Structures are given as C-alpha cells and as structure tokens.
Amino acid sequence: MIQLYHVYKRYPNGVEALNDVNLRLHESEFVFLSGPSGAGKTTLVKILLGYERPTSGQVLVNGRNLAVLSEGSIPYLRRNIGVVWQDFKLLNSRTVFDNVSISLEILGLRPKEIQRRVTQILEVVGLESYATARPQMLSGGEQQRVAIARALVNEPAILLADEPTGNLDPDLSVEIMNLLLDLQQRGTTVMVATHDKYLIERYSRRTILLNRGYLVEDGMGDAASYLDDDDEEFAGR
Ligand SMILES: Nc1ncnc2c1ncn2[C@@H]1O[C@H](COP(=O)(O)OP(=O)(O)O)[C@@H](O)[C@H]1O
Ligand SMILES: [Mg+2]
C-alpha cells in the first residue's frame with residue numbers, strides 16, 4: 001500500500017528532513033507517525049501526497065513510484081489519498097455540504113450522486129444535521145469532522161492526518177481519534193502524524209517514531225517516552 005525505501009529529503013536550505021527512512025504500511029492499517037516537532041512528520045506526509053519530492057530513495061503508493069510520477073499524475077494520486085490538516089483548511093464562504101462536495105464537483109459527478117455521497121459521509125462523521133451551516137459556526141471538533149468528511153468523500157484507500165487533534169481540547173481529540181479508528185475498521189489505511197504523547201499512550205497502536213529525520217523506532221513500543229511534555233524543548237535538539 002505504502003512503501004518507502006531509503007528515502008532522503010534535503011530542503012534547498014540544506015535541512016535534512018528525512019534520512020534513510022524505510023517503511024511499509026499495509027492495507028487497512030492504523031499507524032501513528034510520531035516524533036518531536038521538526039522530526040520530519042509533515043515532510044513525510046507531503047511526500048506521500050506529492051507536495052514534496054524525495055531527494056533520493058523510492059516511495060511507492062498503491063504500486064506507483066512517486067519519484068518518477070509526472071506532475072500531471074499527481075491529482076490522480078491525491079484522489080486516492082485523503083488528507084486532514086491541523087488547521088482544518090475549510091472555506092467559510094461555503095456551507096458544510098459545499099466544503100465536502102468540492103472534490104466531487106471537480107470530478108464532474110452528477111448533482112444527484114454528489115447529494116447522495118455527501119449526505120452519506122456527513123452521516124459517517126455525525127454531522128448530517130449541519131449540512132447548511134457555515135464552518136465558523138461549528139466547534140473545533142465539528143470543523144475537524146467536516147475536514148475528515150471532505151477527505152473521505154472520494155473514498156480514498158488511504159487517509160493521512162497531520163496533527164489532526166493539534167487544535168482541539170483533549171475530549172474532542174478523543175472523539176476525533178475514535179472516528180479515525182472507526183474509519184480504519186471500515187477498511188481505510190489511516191496514518192496519524194502527531195507529537196501528542198498522551199494520544200499515543202492512550203491508544204496502543206503501531207507507532208513509527210522519527211527523530212531529526214531518522215526512523216528510530218517502529219512498533220508497539222514505548223515511543224511516547226521519546227516525546228516530551230513540552231514539545232518545544234525538543235525542537236532544537
Ligand atoms: N519547506 C521547507 N524548507 C526548508 N526546511 C523545511 C521546510 N519544511 C520543513 N523544513 C524543516 O525540515 C525539518 C522537518 O520539518 P517537518 O517535516 O515540518 O517536521 P514535523 O512535522 O515533524 O514537525 C525541520 O527542521 C523544518 O524546519
Ligand atoms: Mg508537522
């Protein structure tokens with residue numbers, strides 16, 4: 001499903017964000033991508049989405065090698081990978097329904113099909129009664145559920161979430177995590193990038209730990225012990 005072989009990412013300013021990362025994710029797997037701030041989590045997420053290219057190494061997503069993917073094929077790649085960011089990235093000028101339906105409109109689906117799919121996915125995330133609301137009227141947790149619905153409406157095989165609970169209170173974080181685990185139960189491969197050690201401790205799941213661009217641990221082990229309570233302290237290490 002997702003495979004990385006000896007992936008390096010060096011930014012133009014010389015920062016080595018990923019160093020020889022090797023990784024394999026299976027279908028319907030749930031994994032945490034953890035590590036302190038600056039470890040390379042977001043870089044890895046961006047590489048999987050084709051927003052950044054690896055400097056060297058191979059990245060396979062559903063059998064496609066992203067290192068050699070043409071610019072023109074990247075929209076097709078992104079159709080198979082849903083993504084959720086920390087700051088939701090919702091359009092306040094549009095209703096909840098219209099935020100979720102955008103990608104289906106771009107695909108040119110018929111209005112009836114769009115209505116059916118958006119209604120269904122809003123039910124999955126528990127927001128069926130909010131279809132005509134504006135995002136700014138909703139709580140942070142609800143806004144993140146809209147973003148998750150938007151990421152899922154194309155029925156992607158893979159869902160990437162980059163610090164999806166970073167702007168949420170602890171109980172809303174739990175609510176979002178339960179939704180993400182529920183989606184994995186339905187067959188989606190879910191990768192959650194987070195530096196929140198409480199989340200990782202609470203849900204004992206496969207955890208891939210990055211530190212300064214190196215993959216230092218991959219397993220059910222004690223990744224949380226690498227994460228400080230005050231993440232900022234780690235940033236410069
Ligand atoms: N566009 C960029 N240009 C230069 N350096 C970057 C860029 N994006 C991230 N970095 C650097 O790469 C490292 C990894 O960053 P990032 O992937 O955002 O880590 P994380 O998501 O784990 O906090 C950091 O040192 C960061 O400053
Ligand atoms: Mg990040």
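The values are calculated or read from the model by the stated rules, or taken from the named source; none is laboratory data. No experiment lies behind these values; they were computed from the predicted model shown. FYI the Cβ positions are ideal-geometry reconstructions off the backbone, even for glycines, and counts take in every protein chain you see. SASA here: full protein model, heavy atoms, side chains in, ligands and nucleic acids out. Shrake-Rupley method; radii C 1.70, N 1.55, O 1.52, S 1.80 Å.
I'd like to check something: does the range 89-105 contain any residue that is within 16 Å of ligand 1 (Cβ to nearest atom) and touching a Ser or Thr at 6+ places or on another chain (Cβ under 8 Å)?
No, the range 89-105 has no match at all.
Give me the pairs: first residue in the range 86-100 and in a loop (DSSP other than H, G, I, E, B), second residue of a type in the set (D, E), beta-carbon distance under 6 Å, and six or more apart or on different chains, which are they?
Within 6 Å, the pairs are Q86/E163.
Look through the range 103-124, keep the residues that are of a type outside the set (S, T, Y) and within 19 Å of the chain's Cα centre (by Cα), and return whichever of them is most open to solvent (accessible area, probe 1.4 Å).
The qualifying residue most open to solvent (accessible area, probe 1.4 Å) is V124.
If we scan the range 28-39, do we find a residue that is out of contact with any Pro (no Cβ under 7 Å at 6 or more places or on another chain), in contact (Cβ under 8 Å) with a residue 60 or more places away in the chain, more than 11 Å from ligand 1 (Cβ to nearest atom) and among the polar types (S, T, N, Q)?
Taking every residue of the range 28-39 in turn, at least one turns out to be out of contact with any Pro (no Cβ under 7 Å at 6 or more places or on another chain), in contact (Cβ under 8 Å) with a residue 60 or more places away in the chain, more than 11 Å from ligand 1 (Cβ to nearest atom) and among the polar types (S, T, N, Q).
What number of residues within the range 108-152 satisfy the criterion of being part of a helix (DSSP H, G or I), out of contact with any strand residue (DSSP E or B) (no Cβ under 9 Å at 6 or more places or on another chain) and in contact (Cβ under 8 Å) with a residue 12 or more places away in the chain?
17
Yes/no matrix, rows are residues, columns are (1) within 20 Å of the chain's Cα centre (by Cα); (2) open to solvent by 70 Å² or more (accessible area, probe 1.4 Å):
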{"position": "P36", "(1), (2)": "yes, no"}
{"position": "E52", "(1), (2)": "yes, no"}
{"position": "V68", "(1), (2)": "no, yes"}
{"position": "R78", "(1), (2)": "yes, yes"}
{"position": "S101", "(1), (2)": "yes, no"}
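So the check is Cβ under 6 Å with 6+ separation or different chains; which pairs have a first residue in the range 189-217 that's open to solvent by 30 Å² or more (accessible area, probe 1.4 Å) and a second one that's more than 13 Å from ligand 1 (Cβ to nearest atom)?
Filtered contacts from the range 189-217: K197/A224; E201/A224; R205/F30; R206/V31; E217/A223.
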